[in-house]
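*Asks:* Handing you a structure now.
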Amino acid sequence: RAKQQRLGFRRFTTDHTGDDTSARLTLLGDLRRALDTGDEITLHYQPKIDIGTGELAGVEALARWHHPAKGPISPGEFIPVLEATTLIHRFTHQVLTQALRQARTWLDAGHRIPVAVNISTRTLLDTAFPERVAELLRQTGVPGDQLCIEVTEHSVMNDPDTAIETLRRIRVLGVKTSIDDYGTGYSSMTYLRLLPLDELKIDRSFVKDVATDHGSLALVASTAELGHTLGLRVVAEGIEDAETLDALRAVGCDLAQGFHLARPMAASDLTAVIARHAPVAA
Ligand code: C2E
Ligand code: MG
Ligand code: MG
Ligand code: MG
């Protein structure tokens, strides 16, 4: 009976792996096509709101893939597939290009709305990346300080020395840098101090319980204090209700993001938010 179970288990794992691989290959083929045609992948923008004044402090670009047959596929699903291949570089390039063109459009309309772009581990380790950012800034005529690059704490800790070098070269362009999903990646205080950063985003897993759980609140308060000590702007992500927002304001977070404030939306839908919250360009 034990033998049967083992065989059964083995057959199950083999089948599972096989399915998984072929599904990934199909997805990868579809992604290659999407990157070639260039119209299935678009960006939504989620406001980053100044927690004290309610002003729009910037937006975060979030990739959306509308598969022609399967409908919307979330970034959590397709980015790991891209990340396993060099296609991630083409994807990052398309996202950056779209985001900077959008920032240019806003500037031309008289609005300074800094846009943040997420980059993956592989892009962070690509030594040619900072030069490509410089090139795109030149092409679009967007000032460096209107762009922010978000890297996750996990990505950074994958190869901290290379990350430090890439971030330093990005910052030379005037571009802002942000450490995303902070608190989930086991980075030491030493690295946090060495990283060339402008912003720290506290992960939603710590943010979501601050209104109901003293431990969470204490953790977020001390993280915000650490961020401020290092001269960073502190952002809380994933705020879903008013009580959570109040608690985060009380512990000194600078910026807020979350469904309670605004969902990620198409650039055309952001017009109303801009009219209400955006400072006018100098
Ligand atoms: P992230 O950068 O931490 O982005 C925040 C995610 O949380 C987004 O999910 C956003 O829609 C979601 N979110 C925002 N507010 C709330 C809230 O109040 N409650 C909850 N439950 N969720 C909220 P999304 O768009 O599915 O993206 C997931 C992740 O995929 C992102 O996490 C980011 O790591 C990655 N990603 C998205 N777009 C890109 C991209 O263009 N390039 C790369 N490399 N990664 C991307
Ligand atoms: Mg992000
Ligand atoms: Mg995040
Ligand atoms: Mg996150």
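The values are calculated or read from the model by the stated rules, or taken from the named source; none is laboratory data. Just so you know, these numbers come straight off a predicted model, no measurement behind them. For neighbour counting, all protein chains shown are included, and Cβ atoms are generated from backbone atoms with ideal geometry for every residue, glycine included. Side chains included, ligands, DNA and RNA excluded: accessible areas come from the protein's heavy atoms. Shrake-Rupley method; radii C 1.70, N 1.55, O 1.52, S 1.80 Å.
*Asks:* Residue pairs, Cβ under 9 Å, 6 or more apart or interchain, first in the range 114-127 and away from ligand 4 (no atom under 14 Å from the Cβ), second open to solvent by 20 Å² or more (accessible area, probe 1.4 Å) and basic (Lys, Arg). List them.
*Replies:* Listed pairs, sorted by first residue: Pro114/Lys176; Asp126/Arg132; Thr127/Arg169.
*Asks:* For the range 170-183, what are the residues that are within 13 Å of Val151 (Cβ to Cβ) and open to solvent by 40 Å² or more (accessible area, probe 1.4 Å)?
*Replies:* Hits for the range 170-183 are Arg171, Lys176, Asp181.
Yes/no per residue for (1) in a helix (DSSP H, G or I); (2) surrounded by 20 or more Cβ atoms within 10 Å (Cβ to Cβ):
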position: Gly185; (1), (2): no, no
position: Lys201; (1), (2): no, yes
position: Val210; (1), (2): no, yes
position: Thr223; (1), (2): yes, yes
position: Gly227; (1), (2): yes, yes
position: Val234; (1), (2): no, yes
position: Ile239; (1), (2): no, yes
position: Ala247; (1), (2): yes, yes
position: Gly252; (1), (2): no, no
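*Asks:* State which residue is most open to solvent (accessible area, probe 1.4 Å) when the search covers only the range 114-163 and only residues that are in a helix (DSSP H, G or I), closer than 20 Å to Phe91 by Cα and charged (D, E, K, R).
*Replies:* Arg138
*Asks:* Do you know which of the residues in the range 235-245 that are more than 20 Å from the chain's Cα centre (by Cα) and under 13 Å from Val220 (Cβ atoms) is farthest from ligand 4 (Cβ to nearest atom)?
*Replies:* Quick first cut of the range 235-245, residues more than 20 Å from the chain's Cα centre (by Cα) only: 241-245.
With under 13 Å from Val220 (Cβ atoms) added as a condition, the list becomes 244-245.
Details: Thr244: 16, Leu245: 18 Å.
The selected residue is Leu245.
*Asks:* I've got another one for you. Among the numbered criteria (1) more than 16 Å from ligand 2 (Cβ to nearest atom); (2) under 25 Å from Pro75 (Cβ atoms); (3) in a helix (DSSP H, G or I), which one does Thr190 miss?
*Replies:* Single failed check for Thr190: (2).
*Asks:* Considering the range 37-48 alone, what residues qualify as being modelled with pLDDT of 95 or more, of a type in the set (Val, Ile, Thr) and open to solvent by 20 Å² or more (accessible area, probe 1.4 Å)?
*Replies:* Result: Thr42, single match.
*Asks:* Continuing with the same structure: Give just the number: which of (1) of a type outside the set (Phe, Trp, Tyr); (2) closer than 20 Å to His111 by Cβ; (3) at pLDDT 95 or above; (4) open to solvent by 50 Å² or more (accessible area, probe 1.4 Å) does Glu55 not satisfy?
*Replies:* It is condition (3) that Glu55 fails.
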